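Since the structure comes first, as structure tokens, the remarks are kept for the end.
The values are calculated or read from the model by the stated rules, or taken from the named source; none is laboratory data. A quick note: this is a predicted structure, and the numbers were derived from the prediction, not measured. Here Cβ is always computed from backbone atoms with ideal geometry, including for glycine, and neighbour counts include all displayed protein chains.
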Amino acid sequence: DQQVKQNSPSLSVQEGRISILNCDYTNSMFDYFLWYKKYPAEGPTFLISISSIKDKNEDGRFTVFLNKSAKHLSLHIVPSQPGDSAVYFCAAQPGLNNAGNMLTFGGGTRLMVKP
Amino acid sequence: DSGVTQTPKHLITATGQRVTLRCSPRSGDLSVYWYQQSLDQGLQFLIHYYNGEERAKGNILERFSAQQFPDLHSELNLSSLELGDSALYFCASSPGSNRAGNTIYFGEGSWLTVV
């Protein structure tokens, strides 16, 4: 039972254009959402996050949008750069609980930005 | 550099053997998480420790165990190793409060190859 899904395993965009990575979740207890970027054989690197009380959070070229009613979030990268080529993981965290800040990850989307 | 340190970075061992992976969390973080990433797989949560106590278990095999020591470093013990245990094992840490919103930072990973 995948609670966090990234339905597109890969995405290819041209340098300078917008990259949109999507993520869906099923567990309504999730309260905080994060995006991580990962290069092969390296650890995931935190990119940006959003709380469920917001619908948008922006950090430089990265913007995350949350549609809580649709249980959907997306990561926009504008403009896309070749160095953005990596696997992007969406992750979700439950709200107040006794289990700490455990993350549930989606399967990842491989982004390729072509020069 | 996330501040999470994992050793060893690479390890090759034979089936049936036992290995120990070590993790030092970021300074001040009380929570340690272990994740497994097999070839072409997403990040699977294994186990979470908070201030020395086990808090949550995920898809961790009975052959695997972990602990967190008083100095907050953690070890993941993998025994009776099988070929299918070959994977990247990530440690991550966070401040560890019970409220969502704490970013989890990952180490570089320990690459285990079982031959």
Q | Counted residues, the stretch A:37-57 - those being more than 19 Å from residue B:94 (Cα to Cα), surrounded by 14 or more Cβ atoms within 10 Å (Cβ to Cβ) and touching a residue at least 24 places away in the same chain (Cβ under 8 Å) | A | 1
Q. Out of (1) out of contact with any Gly (no Cβ under 6 Å at 6 or more places or on another chain); (2) crowded, with 18+ Cβ neighbours inside 10 Å; (3) in a strand (DSSP E or B); (4) at pLDDT 95 or above, what's the single condition that is false for residue A:80?
A. (3)
Q: Name the one entry in A:53, A:48 that is assigned to a loop (DSSP other than H, G, I, E, B) and among the β-branched types (Val, Ile, Thr).
A: A:53
Q. Does residue B:59 satisfy the criteria of being over 14 Å from the mean Cα position of the chain (by Cα) and under 24 Å from residue A:95 (Cβ atoms)?
A. no
Q. What are the residues in the stretch A:20-45 that are within 13 Å of chain B (Cβ to nearest Cβ) and among the charged types (D, E, K, R), if any?
A. A:31, A:37, A:38, A:42
Q | Residues that are within 11 Å of the chain's Cα centre (by Cα) and surrounded by 15 or more Cβ atoms within 10 Å (Cβ to Cβ), drawn from the stretch B:68-91 | A | B:68, B:73, B:74, B:75, B:76, B:78, B:88, B:89, B:90, B:91
**Q.** Extreme residue, surrounded by the fewest Cβ atoms within 10 Å (Cβ to Cβ), among residues of the stretch B:31-53 that are more than 9 Å from chain A (Cβ to nearest Cβ) and of a type in the set (A, V, I, L, M, F, W, C)
**A.** B:39
**Q.** Residue among A:30, A:46 that is closer than 29 Å to residue B:8 by Cβ and either under 13 Å from the mean Cα position of the chain (by Cα) or modelled with pLDDT under 95 (or both)
**A.** A:46
Q. Within the stretch B:28-43, which residues are outside any loop (DSSP other than H, G, I, E, B) and small (Gly, Ala, Ser)?
A. B:31
Q | Of all residues making up the stretch B:1-24, the number that are in a strand (DSSP E or B) and either basic (Lys, Arg) or more than 14 Å from chain A (Cβ to nearest Cβ) (or both) | A | 5
Q. Only one of (1) within 20 Å of residue A:42 (Cα to Cα); (2) more than 13 Å from every other protein chain (Cβ to nearest Cβ) fails for residue B:28. Which number is that?
A. (1)
Q: Find the residue count for the stretch B:57-71, including only residues that are within 14 Å of another protein chain (Cβ to nearest Cβ) and within 14 Å of residue B:93 (Cα to Cα).
A: 1
